[in-house]
1. Among the residues of region 118-146, write down those that are within 19 Å of C183 (Cβ to Cβ) and open to solvent by 50 Å² or more (accessible area, probe 1.4 Å).
2. I want to confirm something. Restricting to region 166-187 and keeping residues that are assigned to a loop (DSSP other than H, G, I, E, B) and within 23 Å of Q87 (Cβ to Cβ), which single residue is least open to solvent (accessible area, probe 1.4 Å)?
3. Out of the residues in region 120-165 meeting the condition of being outside any helix (DSSP H, G or I) and among the hydroxyl-bearing types (S, T, Y), tell me which one is farthest from L75 (Cα to Cα).
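The values are calculated or read from the model by the stated rules, or taken from the named source; none is laboratory data. Note that this is a predicted model, so its numbers are computed, not measured. When we count neighbours, we look across all protein chains shown, and the Cβ atoms used for this are built from the backbone with ideal geometry, even at glycine. The area values use the complete protein model at the heavy-atom level, side chains included, leaving out ligands, DNA and RNA. Shrake-Rupley method; radii C 1.70, N 1.55, O 1.52, S 1.80 Å.
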Amino acid sequence: SLVILAAVYVGCMVMISIEQEKNRISIQRELEKQHFQVEALTDSLTGVGNRQALQQMMDTLAGEGPEPEYSMAILDLDNFKEVNDTQGHMQGDRYLRELGNVLQKTRLGEFCILFRSRTKSQLCEACQDIQHSFSEAALSRELEQVTISFGVAVHQPGVGPAELLRRADTALYQAKKARGSICFYQA
């Protein structure tokens, strides 16, 4: 009976070991899957959400009900082409990474930002905070001053995500004329 008990014990230990290995592999696969999902939605240079992440968020908003309250801001670095042309693309990449850091610290995504339930003054203040944080960053103080312009469109009933994006882009075009400004879409 002692031999049988020892054999059962060894058998149980082997089965436990096999189950632990299965669990370890399963956890490792799940972590890899999550890593790839995050990687698929993140820009590798800036570390912020990419177009696919924006589309996913807009799909989520569209599914929240008939008319969710949100606004969209598109931002762009002023004189960025000149930086790339005169200082090189590596320097331009440094500005993009710095902007990514600023956006991550303010818990925003992409260079297109979706705001929920904010007034026009709150939207303006949020954009100004980003401009200020970027201008205070070490890179901006070290090198040529690059500013950020914002084009903002407030969602209105009957306006779909694609049209809202077009309106924010139109406002950005106006903002870039004044450099470092914030313009709201007006029909």
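1. R118, T119, K120, S121, Q122, E125, Q128, D129, H132
2. My answer is G180.
3. Checking each candidate, the answer is T147.
Quick grid of which residues meet (1) on the phi > 0 side of the Ramachandran plot; (2) open to solvent by 90 Å² or more (accessible area, probe 1.4 Å); (3) at pLDDT 80 or above:
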residue	(1), (2), (3)
L5	no, yes, yes
S17	no, no, yes
K33	no, yes, yes
M58	no, no, no
P66	no, yes, no
G92	no, no, yes
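Each row is one residue, and each column tells you yes or no for (1) in contact with a helix residue (DSSP H, G or I) (Cβ under 7 Å, 6 or more places away or on another chain); (2) part of a helix (DSSP H, G or I); (3) charged (D, E, K, R).
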position	(1), (2), (3)
V8	no, yes, no
I27	no, yes, no
L31	no, yes, no
F36	no, yes, no
S44	no, no, no
Q55	no, yes, no
D59	no, yes, yes
I74	yes, no, no
Q91	yes, yes, no
